[in-house]
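K.L.:
Pasting in a structure now, in structure tokens, and then I'll have a few things to ask.
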Amino acid sequence: MSPGLVVVVLALLLGIQPITTDLYLPALPALTEGFGAPVAHAQLTLTTLLLAFGVSQLVWGPLSDRFGRRPVLLWGLAAYTLASIGCALAPSMLLLIVWRTLQGAAMGAAVMGARAIVRDLYTPESGARVMSKGLTGLGIIACGGAPLGGLLADTLGWRYALMAPAVFGALSLALIALRFEETAPARNPLALRTDTLVATWLTILRNPTFLAWSALSVASYAGLFTFLASSSFIFIKVLGLTRTQYGLVMFGMAFTYILGTLWCRRLLPRFGVRKSVAIAGGVTLASGTLMGGLALAGMQNSWAIALPFCLFMFAHGVHQPVGQSGAVGPFPHAAGAASALNGFVMMIGAFGVGGWVGMRLDGTVFALTNGLWFWTACIAAVAWTLVRKYGDPRRP
């Protein structure tokens, strides 16, 4: 495959996550009212999806090491498309939660596969740059996701916002079926044996480089998910934005993330991996401190949240590509398993954040501002300690 095709494939496989999580956020308050369900149940459409997404990667990863990336991607994307159709047609909140859970499990194949493909084809250091390009594509997709969801919800109804991921899944499935070539260097016939799985997972979990980069990935995604889980209710219900206006706010966040991935590619050749992350950690901490400080000072409006969060997303464009590729880097012969474990711990963190946010949405902005402030402090601490000590991608 040409380098350009690889980047397009990565962008689609990684972009399936914001399409699944961001696109329906403008419609979330409306579908909650449509089903007559409490906010806590609506939060389950997001948190159960992410829990299934995380757990499923523990299955998809070894399957891809055993049978290859291509068949796992085909199975996963086909299941994702069918589950997305089920979401759009769900007659109750309970069944919507069930379909979203299945959708999340299928989504795990795509995102896990993207991380494994990067390790199949590139060294850890060059993999960070390629992952950054793929995540730039994710940002472009995310730019259109939330505004499209708001437009569909405002003009056609919230069910159309739930149908859009089915179209995205079908198009991604067609590209993989027609153009994607297998990247796994060799199949591992023992990858699914219990003793092999346990030994592989223990080896990965004992590796300090994996733990350092996974800690960064988890903390950075937890900060992002704090925003995703709370922002639609806060911007629409508390601060009074329309669904379309909220979609434009999300567009701004995604665009800033794209700029962050471009910044990442400027930092890496000049400062190296660990120093780049340390610089971005300072920007992250500044964003959380600014947002939290403004909220405590009584400045509780859309700009006081959106502008500091743009800073967070700018630095997130460094933390995520470097963190995800760094976690998989030490394991060229178990890239699927390492990618799966990294994704699993990220989603377990997000699941916990979603539960915390759901209990603290009280008609104020503090669930978002205080939560993000906490996670920015964690990100900076990890970047300046664990990553600095153990983050060498050449570490055995």
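Just so you know, all these numbers are worked out from the coordinates, no wet-lab data involved. Here the structure is a predicted model, which is why all the values come from computation and not from measurement. Cβ: placed from backbone, ideal geometry, glycine included. Neighbour counts: every protein chain shown.
K.L.:
Helix-only estimate, please: 222 nm mean residue ellipticity of the chain, summing -39500 (n - 2.57) across DSSP H runs of length 4 or more and dividing by its residues, to the nearest 500.
P.N.:
That comes out to -29000 deg cm²/dmol.
K.L.:
Non-local amide H neighbours of LEU241 (under 5 Å, H modeled in plane, Pro and chain starts lacking H): which ones?
P.N.:
ILE236
K.L.:
With no solvent and one point on each alpha carbon, what is the Debye value of log10 I(q)/I(0) for region 1-124 at q = 0.10, 0.12, 0.19 Å⁻¹?
P.N.:
-0.34, -0.47, -0.98
K.L.:
Give me VAL218, VAL283 ranked fewest to most by other Cβ atoms within 10 Å of their Cβ, as a rough exposure proxy.
P.N.:
Least crowded to most crowded, the residues run VAL283, VAL218.
K.L.:
Which order results if CYS87, CYS310, CYS264 are arranged by neighbouring Cβ count within 10 Å, fewest first?
P.N.:
Result, fewest neighbours first: CYS310, CYS87, CYS264.
K.L.:
Rank-order 95-106, 56-67 by packing density, defined as the average count of other C-beta atoms within 10 Å over each peptide's residues, highest first.
P.N.:
Final packing ranking: 56-67, 95-106.
K.L.:
Moving to a separate point now. How long are the semi-axes of the equivalent ellipsoid of region 192-333, taking √(5λ) for every eigenvalue λ of the Cα gyration tensor, in whole Å from largest down?
P.N.:
33, 18, 13
K.L.:
Counting only Cα, what are the radius of gyration and maximum Cα-Cα distance Dmax of region 279-396, in Å?
P.N.:
According to the Cα coordinates of region 279-396, Rg and Dmax are 16.3, 53 Å.
K.L.:
Hey, another quick one. Measure out, as a whole number of angstrom, how far apart the alpha-carbon centroids of region 363-378 and region 1-68 sit.
P.N.:
Distance between centres, Cα-based: 23 Å.
K.L.:
Further question: Can you classify region 170-223 as rounded, prolate or oblate using the Cα gyration tensor, where a ≥ b ≥ c are the square roots of its eigenvalues, rounded means a/c under 1.5, and otherwise it's prolate if a/b beats b/c and oblate if not?
P.N.:
It is oblate, given that a/c is not under 1.5 and a/b is not larger than b/c.
K.L.:
Show me, for region 242-252, the HN-Hα J-couplings you get by feeding each phi into the Karplus relation (A = 6.51, B = -1.76, C = 1.60, θ = phi - 60°), rounded to Hz, glycine and proline as x.
P.N.:
6, 5, 5, 4, 5, x, 5, 4, 5, 4, x
K.L.:
Sorted by average packing, counted as other Cβ atoms within 10 angstrom per residue and highest first, what order do 284-292, 359-367 take?
P.N.:
The most tightly packed comes first, giving 284-292, 359-367.
K.L.:
Okay, moving on. For region 200-208, in order, what is each residue's ³J(HN,Hα) by Karplus, 6.51 cos²θ - 1.76 cosθ + 1.60 with θ = phi - 60°, in whole Hz (x at glycine and Pro)?
P.N.:
Result, ordered by residue: 5, 5, 5, 4, 5, 5, 8, 7, x Hz.
K.L.:
Charges on Cβ only, +1 for Lys and Arg, -1 for Asp and Glu, centred on the Cα centroid of the chain; of ILE19, PHE271, LEU152, which one is farthest towards the dipole's positive end?
P.N.:
PHE271
K.L.:
Size of the dipole of region 116-261 about the Cα centre, Lys and Arg at +1 and Asp and Glu at -1 on the beta carbon, nothing else charged, in debye to 20?
P.N.:
Here region 116-261 has a charge dipole of around 140 debye.
K.L.:
Here's something else I'd like to know. Using Cβ contacts closer than 10 Å as the measure, can you line up ARG129, ARG243 from fewest to most?
P.N.:
The most exposed by this proxy come first: ARG129, ARG243.
K.L.:
So for the chain, what are the equivalent ellipsoid semi-axes in whole Å, largest first, each being the square root of 5 times an eigenvalue of the Cα gyration tensor?
P.N.:
Semi-axes, largest first: 31, 26, 18 Å.
K.L.:
So for each of 326-337, 371-382, 265-276, 204-215 I average, over its residues, the number of other beta carbons within 10 Å; can you give me the resulting order with the highest mean first?
P.N.:
326-337, 371-382, 204-215, 265-276
K.L.:
Right, another one. What's the center-to-center distance, using Cα atoms, between region 267-291 and region 102-178 in Å?
P.N.:
Answer, in whole Å: 26.
K.L.:
Enumerate the amide H contacts of THR364 below 5 Å, restricted to partners 5 or more residues apart or on another chain; note that Pro and chain-start residues carry no placed amide H.
P.N.:
Amide H neighbours of THR364: none.
K.L.:
How large is ³J(HN,Hα) for each residue in region 365-375, as worked out from phi by the Karplus curve 6.51 cos²θ - 1.76 cosθ + 1.60 (θ = phi - 60°), to whole Hz, x for Gly and Pro?
P.N.:
8, 6, 4, 7, 5, 6, x, 5, 4, 4, 6
K.L.:
If you don't mind, there's one more thing I want to ask. Counting only C-alpha contacts under 8 Å and six or more residues apart, can you give the relative contact order of region 272-322 as a whole percent?
P.N.:
That works out to 53 percent.
K.L.:
Another question about this same structure. Please state the charge dipole magnitude for the chain, taken about the Cα centre, from unit charges on C-beta atoms (+1 on K and R, -1 on D and E), reported in debye and rounded to the nearest 20.
P.N.:
Once rounded to the nearest 20, the dipole reads 900 debye.
K.L.:
Using 7 Å Cα-to-Cβ label points, what is the LEU190/LYS275 separation (nm, one decimal)?
P.N.:
About 4.2 nm separates the two model spin labels.
K.L.:
At 0.692 mPa s and 37 °C, plugging the Kirkwood radius over alpha-carbon pairs of region 116-198 into Stokes-Einstein gives what diffusion coefficient in µm²/s?
P.N.:
203
K.L.:
So for the chain, averaging the separation of alpha carbon pairs under 8 Å that are six or more residues apart and normalising by length, what relative contact order in percent results?
P.N.:
After rounding, I find 29 percent.
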